[in-house]
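Here the structure is laid out as structure tokens; the discussion comes afterwards.
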Amino acid sequence: MAYSHSVFLFSLSVSPSLSLSLSLSLSHTQCSLPRSVWLGCSSVAESLCALRCVQSLPSSRAHNQSMTVLESQNNTGDVSPKKTTVFKFGNGSVAGSRKRLSQGNFEKEKDLCIQLFDQWSESDQVEFVEHLISRMCHYQHGHINSYLKPMLQRDFITALPAQGLDHIAENILSFLDARSLCSAELVCREWQRVISDGMLWKKLIERMVRTDPLWKGLSERHQWEKYLFKNRTNEVPPNSYYHSLYPKIIQDIETIEANWRCGRHNLQRIQCRSENSKGVYCLQYDDDKIISGLRDNSIKIWDKQSLECLKVLTGHTGSVLCLQYDDRVIVTGSSDSTVRVWDVVSGEVLNTLIHHNEAVLHLRFCNGLMVTCSKDRSIAVWDMASATDISLRRVLVGHRAAVNVVDFDDKYIVSASGDRTIKVWSTSTCEFVRTLNGHKRGIACLQYRDRLVVSGSSDNTIRLWDIECGACLRVLEGHEELVRCIRFDNKRIVSGAYDGKIKVWDLQAALDPRAPASTLCLRTLVEHSGRVFRLQFDEFQIISSSHDDTILIWDFLNVSTNGQPERRSPSRTYTYVSR
């Protein structure tokens, strides 16, 4: 049914003191009966009631009648925000009201409206409901929101297995950390079943072992690695085993961290018994062995468990000053100016490189590239196709004194010298990039990783540098003599010096300019009776060598608690000087 030349007057009374009138003239327009939204009603019942009243009017009367919609607040003393909407036509009839006139009428109108609503398309239904909601007041929106909230919530973890999609539910929950996984188990039995059947505690531990070296080391040392990374077999324990294992691992980690902070350790000592001159200049270790380079020109390989000497390699005619090995070869540099390549299993000499004019002080190799440095002030870059096929690529010249140490990655080669400078070179082009200045005396050691360079000097200080901009980030003071060796990981810096002391520093505190000086040096380890020449460490131990002809193993994992007094090294803290 259509109504032409109709004039509607909408009078909206928001409060007794405020009214708003809007006159809308619809000339020669068509109003579709099922789509009552154009009447601007605030509810489905009002829409239907207004349409029925309009529909009952003759078209000629509708042309001359006016409709007034009045909405006013009751002034009956009721403080609640109840509103009444009255649709009045010229003849005084009431078209609709927000107050329900009678239960019977409401039910009939509601049923009729639902019938009409069901006939529309989904998009029309959505448009209609959106329009109704836009006509409602705030507290009505609140009621609707409370009604819709539970309808929009879905327990997808329970619903997915019911659809045969257990693997999706397991995959979703596998991203939770330990605390969240504990909470998820308490949600309901179905969630607990999904976690148990999916072996999610096992997967959480496996993820930690893959990404954290401390977890990996613990899994190997405590023998629970054998229960990981296996498909479901009779050998794999149930999920409850991994659930109970997780807090034990956390306790072990906390104990290790406390041992580092408090200096608790178990100490093992290797007496190298050099024949002529005393001193262990360099070393490297893994889980099975320790390989050391000695002042007496020999290379000794030690069993890491029994501490017995397995093999002695001879061939150098000078002290072995530096070495590095992998699973195939050992590469050593000596004061005899040569670099030798040895078979790591047989101990046979595979190659001898003669290039430097003076002692080879340090070397590094990785991914087919080797860099050596010498007392002759030069740096040699080598292409290392195999143990027997090593060719000189480039010689880097720029330092004004002996080059004591080098390190590199795919981007930069970093060198440090007795001339007090650190120089940065491009790995790919071997071109000079920049110089890092700051040390007051010659630099004896450094390590480079990512953007961070940490260096130790004969000015008794340790400096932290940003390699990209060349800025000195921190100066650490505390050693009383030349800082001879230094290593760092994500947590700690460990340094050894000619004062015979090994210091453990908090790396994160050192990188924080707001950190107080008292938080920088965590512990000082005093056991060597001579200069500390070289050290290496991991999450569980430090292994160091000294002029006193010993190799010390500082074990922070297996600390003795069988009634014997624990070894504690004194806690030392020093102020730092920022330059």
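The values are calculated or read from the model by the stated rules, or taken from the named source; none is laboratory data. Small disclaimer: the values here were computed from a predicted structure and weren't measured. All Cβ positions, glycine included, derive from the backbone under ideal geometry; neighbour counts span all protein chains shown. Surface areas here come from the heavy atoms of the whole protein model, side chains and all, with no ligands, DNA or RNA. Shrake-Rupley method; radii C 1.70, N 1.55, O 1.52, S 1.80 Å.
Are any residues in the range 379-393 in contact with a Ser or Thr (Cβ under 9 Å, 6 or more places away or on another chain) and assigned to a strand (DSSP E or B), and if so, which ones?
Ile379, Ala380, Val381, Trp382, Asp383, Met384
Can you say whether Leu321 is more than 28 Å from Ile301 (Cα to Cα), in contact with a strand residue (DSSP E or B) (Cβ under 9 Å, 6 or more places away or on another chain) and not in a loop (DSSP other than H, G, I, E, B), as far as the supplied structure shows?
Taking the combined requirement at face value, the residue does not satisfy it.
Pick out, from the range 122-167, the helices (runs of 4 or more DSSP H) lying fully within it that include 1 or more residues that are modelled with pLDDT of 90 or more.
Those helices (runs of 4 or more DSSP H) span 122-134, 138-152.
So, Arg269, is that one in a strand (DSSP E or B), among the charged types (D, E, K, R) and modelled with pLDDT of 90 or more or not?
Judged against the criteria, Arg269 is a match.
Among the residues of the range 366-387, is any touching a Cys at 6+ places or on another chain (Cβ under 9 Å), surrounded by 14 or more Cβ atoms within 10 Å (Cβ to Cβ) and within 24 Å of Ala510 (Cβ to Cβ)?
No: the range 366-387 contains no residue that is touching a Cys at 6+ places or on another chain (Cβ under 9 Å), surrounded by 14 or more Cβ atoms within 10 Å (Cβ to Cβ) and within 24 Å of Ala510 (Cβ to Cβ).
Among residues belonging to the range 308-322 that are of a type in the set (A, V, I, L, M, F, W, C) and free of Cβ contacts under 8 Å to residues at least 40 places away in the same chain, point out the one that is farthest from Leu350 (Cα to Cα).
This residue is Cys309.
Regarding Val187, is this residue of a type in the set (Val, Ile, Thr), assigned by the TED database to the domain that holds Lys248 and not in a helix (DSSP H, G or I)?
The answer is yes for Val187.
Go through (1) at pLDDT 95 or above; (2) open to solvent by 20 Å² or more (accessible area, probe 1.4 Å); (3) hydroxyl-bearing (Ser, Thr, Tyr) for Ser292 and report which single condition fails.
Of (1) at pLDDT 95 or above; (2) open to solvent by 20 Å² or more (accessible area, probe 1.4 Å); (3) hydroxyl-bearing (Ser, Thr, Tyr), only one is false for Ser292: (2).
So which residues in the range 441-476 are open to solvent by 20 Å² or more (accessible area, probe 1.4 Å), of a type in the set (D, E, K, R), in a strand (DSSP E or B) and in contact with a strand residue (DSSP E or B) (Cβ under 7 Å, 6 or more places away or on another chain)?
Answer for the range 441-476, where residues must be open to solvent by 20 Å² or more (accessible area, probe 1.4 Å), of a type in the set (D, E, K, R), in a strand (DSSP E or B) and in contact with a strand residue (DSSP E or B) (Cβ under 7 Å, 6 or more places away or on another chain): just Asp466.
Please find, within the range 295-316, the residue that is farthest from Gly530 (Cα to Cα) out of those that are small (Gly, Ala, Ser) and open to solvent by less than 40 Å² (accessible area, probe 1.4 Å).
Among those that are small (Gly, Ala, Ser) and open to solvent by less than 40 Å² (accessible area, probe 1.4 Å), it is Gly315.
Going by the conditions given, is Val331 open to solvent by 30 Å² or more (accessible area, probe 1.4 Å), assigned to a strand (DSSP E or B) and of a type outside the set (Phe, Trp, Tyr)?
Against the criterion (open to solvent by 30 Å² or more (accessible area, probe 1.4 Å), assigned to a strand (DSSP E or B) and of a type outside the set (Phe, Trp, Tyr)), Val331 does not qualify.
Which of the residues belonging to the range 212-251 are outside any helix (DSSP H, G or I) and within 23 Å of the chain's Cα centre (by Cα)?
Asp212, Leu228, Phe229
State all residues of the range 406-423 that are assigned to a strand (DSSP E or B) and over 13 Å from His362 (Cβ atoms); if no residue qualifies, say none.
Tyr412, Thr421, Ile422, Lys423
Does the range 254-289 hold any residues that are closer than 30 Å to Ser518 by Cβ and crowded, with 16+ Cβ neighbours inside 10 Å, and which are they?
Those that are closer than 30 Å to Ser518 by Cβ and crowded, with 16+ Cβ neighbours inside 10 Å: Ile256, Asn259, Trp260, Cys262, Gly263, Arg264, His265, Asn266.
Only one of (1) open to solvent by less than 30 Å² (accessible area, probe 1.4 Å); (2) within 40 Å of the chain's Cα centre (by Cα) is not met by Phe128, so which one is it?
(2)
Suppose we filter Ala515, Ala444 for residues that are among the small types (Gly, Ala, Ser) and under 26 Å from the mean Cα position of the chain (by Cα); which single one remains?
Ala515
Could you check how many residues of the range 477-498 are crowded, with 18+ Cβ neighbours inside 10 Å and at pLDDT 95 or above?
Our first condition is that a residue be crowded, with 18+ Cβ neighbours inside 10 Å; within the range 477-498, this holds for 478-479, 482-488, 492-498.
Still in the running and at pLDDT 95 or above: 479, 482-488, 492-498.
So the count comes out to 15.
Pick from the range 521-533 the residues that are open to solvent by less than 40 Å² (accessible area, probe 1.4 Å) and more than 14 Å from Trp260 (Cα to Cα): which of them is farthest from the chain's Cα centre (by Cα)?
Filtering the range 521-533 for residues that are open to solvent by less than 40 Å² (accessible area, probe 1.4 Å) and more than 14 Å from Trp260 (Cα to Cα), the one farthest from the chain's Cα centre (by Cα) comes out as Gly530.
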